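For reference, the structure is listed below as structure tokens.
The values are calculated or read from the model by the stated rules, or taken from the named source; none is laboratory data. Computed from a prediction, not measured in an experiment: that's the story for all the values here. Note: ideal-geometry Cβ built from the backbone for every residue, glycine included; neighbour counts use all protein chains shown.
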Amino acid sequence: MEKPSDSISTIAVLIPARRNEPALAPLIVALFDAGFGAIVLVDDGSPSEDRGALDELSRRERVHLLRHAANLGKGRALKTGFNYFLNSLGGFTGLVTADADGQHAANDIVRVAQMLLASPGCAVLGCRNFGTGTPFRSRFGNALTRMVFHFVSGCKVSDTQSGLRAFPASLLKEIVVLPGERYEYEMTVLAYLCGHGRQPLETPISTIYIDRNRGSAFNPVRDSMRIYFVLLRYCTASLLSAALDFAVFGVVYTLTHGLLLSIAAGRLSSLANFTLNRSFVFRCGGRVGMALARYYLLAVLVAMVSYGCIREILTYWGWNVYLAKLVVESLLSVVTFSIQTLFVFPVQERE
């Protein structure tokens, strides 16, 4: 009998597990009671003493156990589950990802799935409320990643670290090929969706921490730095390129006192900046010609904006030209980072 397309039975749940958590078996029972059609359980290199319990779970009807011989990271476990879903679970309309440690209640997983069914083609994100009872390490980690994600992508996401997400089946082929093997993969998926005008819908979920989240493998400082190390590389490359740009600008302006000519000459540093950004910052493997065309389209627009702003500052405020250039270029660098992230070196072209 064919499942109705608006039924929760057409939704599968993917659960990556590093070990057999006490909450895992009760969660699976609750999900089947709720009507989900399948559970894809990925054993991400669990210790030998846990494998028997996970094997026992796999004997339940509609539980599909996939196994990594060693711990490969959450990103790789999610991709393993996505790939299996696409190859082996035809007829399902979507997939919900959930954690194995009890932080996602069955009724919240149902809520996210129902929103997916009600909004075909849209991804859904279950978002926690980080109130006063939230452990400091979790509250700090989420505040840090929300802030930087907003700066990088231009999109406000309430809970960038939530593992409770729902994806339509049609979207999985796009995100399974994105780079990342550990926690940074989930952030890459969010950046990809936001960069392509498909920011996930959000629905509130319970904020549950087991033993004040001591068992979490997410380290807010270490993993946030891994996620956003691209920002540090961008700042380094920008400083080097800006120094070259400023030097050329200064020489030409001293000789000619022509603002437009000086800005244009300073932009000779852009080729060095493009090379650094492509190879060092974003590590982009796409076609050089297309990226170069996009980069110089952006460079021309930024140069025009820079010229207009500096001219206005000199005309109406009478600033020193070098100070005006420094302020304007510093502010524009924030904007150009976001544009380069989404348009010039899009995430799907990165290695």
Residues of segment 55-69 satisfying the condition of being within 27 Å of the chain's Cα centre (by Cα) and not in a strand (DSSP E or B): 69
When residues of segment 215-230 are limited to those that are part of a helix (DSSP H, G or I) and either surrounded by fewer than 16 Cβ atoms within 10 Å (Cβ to Cβ) or over 33 Å from the mean Cα position of the chain (by Cα) (or both), the one modelled with the lowest pLDDT: 221
Of all residues making up segment 20-51, the number that are out of contact with any strand residue (DSSP E or B) (no Cβ under 8 Å at 6 or more places or on another chain), assigned to a loop (DSSP other than H, G, I, E, B) and closer than 21 Å to residue 117 by Cα: 1
Matching entry among 50, 43 (being charged (D, E, K, R), surrounded by 14 or more Cβ atoms within 10 Å (Cβ to Cβ) and at pLDDT 95 or above): 43
Strands (runs of 3 or more DSSP E) contained in segment 121-209 and holding at least 3 residues at pLDDT below 75 and more than 22 Å from residue 16 (Cα to Cα): none
Extreme residue, surrounded by the fewest Cβ atoms within 10 Å (Cβ to Cβ), among residues of segment 310-351 that are among the charged types (D, E, K, R) and either at pLDDT 75 or above or outside any helix (DSSP H, G or I) (or both): 351
